[in-house]
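Asks: Quick one: the structure is below, and I'll ask about it shortly.
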């Protein structure tokens, strides 16, 4: 039960995550945006890069299908329905009414082909909810290939046959620096379990308590933010 609670707090951060999750600010920001836009995503849904399907409960989909890259770890520990070989999604054309792809696109080395596959399996006028980091350190190395500005992300999706319905930015204020500080402390202590726990509780937690309200007091900066969030609609097929 404790293990399940900790797993839940990683992606759906509540009060407990404020103490124990170094990435509370980023995860909370993403959760709020995904929850707000989730009602737009209906019908048969494909979660691309689904992992443990942390946002599944937010969607009232007729059918929820998870797709992720084919690795030994994913086959053993994740809640995945189908596996991606790195080239083709294993589904016929126009199989899905909607699509979710959260914090995955930066790990895609062949974005044009990846977007073609997303376009191919989505029905015309089907909607896609996409989240992609902007200000973040390298992670899941060596499979971290890109960062996209809001303009770059809009451009690549429009070229792939999508119309942008809504574009938002998560955590566009001084909390960006607070999150980066805690991310730095986490990476420097993650290999040492006891030290990491001490630093998380004794340093990162107070940084959250001070930094979050302080960050909201300072003016926002729409040019410096943690994550991009897109709601897009397929408007044409890409051959």
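Where a number appears in this text, it was derived from the coordinates with a stated rule and is not lab data. Since we're looking at a predicted model, the values are computed, not measured. Ideal geometry is used to build each Cβ from the backbone, glycine not excepted, and the neighbour counts take in all protein chains shown.
Asks: Expressed in nm to one decimal, what extension gain is obtained for the pair residue 239 and residue 63 from 0.36 nm per residue of sequence separation less their Cα-Cα distance?
Replies: Once the chain is fully extended between residue 239 and residue 63, it gains 60.7 nm.
Asks: Can you pull the Kirkwood radius for the stretch 85-135, inverse mean 1/r over Cα pairs, to one decimal in Å?
Replies: Computed over Cα pairs of the stretch 85-135, the Kirkwood hydrodynamic radius comes out at 11.6 Å.
Asks: Highest mean first, how do 89-98, 17-26 rank when packing is the count of other Cβ atoms within 10 Å averaged over residues?
Replies: 17-26, 89-98
Asks: State the Cα centre-to-centre distance between the stretch 146-203 and the stretch 205-239 in whole Å.
Replies: Using only Cα atoms to place each centre, the spacing works out to 8 Å.
Asks: So what are the radius of gyration and Dmax for the Cα set of the stretch 83-179, in Å?
Replies: 14.4, 45
Asks: Here's something else I'd like to know. Given N residues in the stretch 34-99, what is its alpha carbon radius of gyration divided by 2.2 N^0.38 Å?
Replies: Dividing the Cα radius of gyration by 2.2 N^0.38 Å gives 1.11.
Asks: Any chance you could run the full-extension gain for residue 81 through residue 139? It's 0.36 nm times the residue separation minus the Cα-Cα distance, nm to one decimal.
Replies: Working it through step by step, the gained length comes to 18.4 nm.
Asks: Calculate log10 I(q)/I(0) of the stretch 175-239 for q = 0.19, 0.24, 0.27, 0.29 Å⁻¹, where I(q) comes from the Debye formula with a single equal point scatterer on each Cα and nothing for solvent.
Replies: Per q value, in the given order, log10 I(q)/I(0) is -0.79, -1.03, -1.13, -1.19.
Asks: Related question: How far is helix 175-189 tilted off the main Cα axis of the chain, in degrees rounded to 10, range 0 to 90?
Replies: For helix 175-189, the angle is close to 80 degrees.
Asks: 7 Å from Cα along Cα→Cβ at both residue 125 and residue 209: what's the point-to-point distance in nm?
Replies: A separation of 5.3 nm, rounded to one decimal place.
Asks: For the chain, just list the percent of Cα-Cα distances falling in each 5 Å bin from zero outward, please.
Replies: Using 5 Å bins, I get a P(r) of 1, 6, 13, 17, 19, 17, 12, 8, 4, 1, 0 for the chain.
Asks: Nearest 10 degrees is fine. How inclined is helix 24-37 to the longest principal axis of the chain, computing both from alpha carbons?
Replies: That works out to roughly 30 degrees.
Asks: Pull out the extension gain between residue 166 and residue 151, defined as 0.36 nm times the separation in residues minus the alpha carbon to alpha carbon distance; nm, one decimal.
Replies: Working it through step by step, the gained length comes to 4.1 nm.
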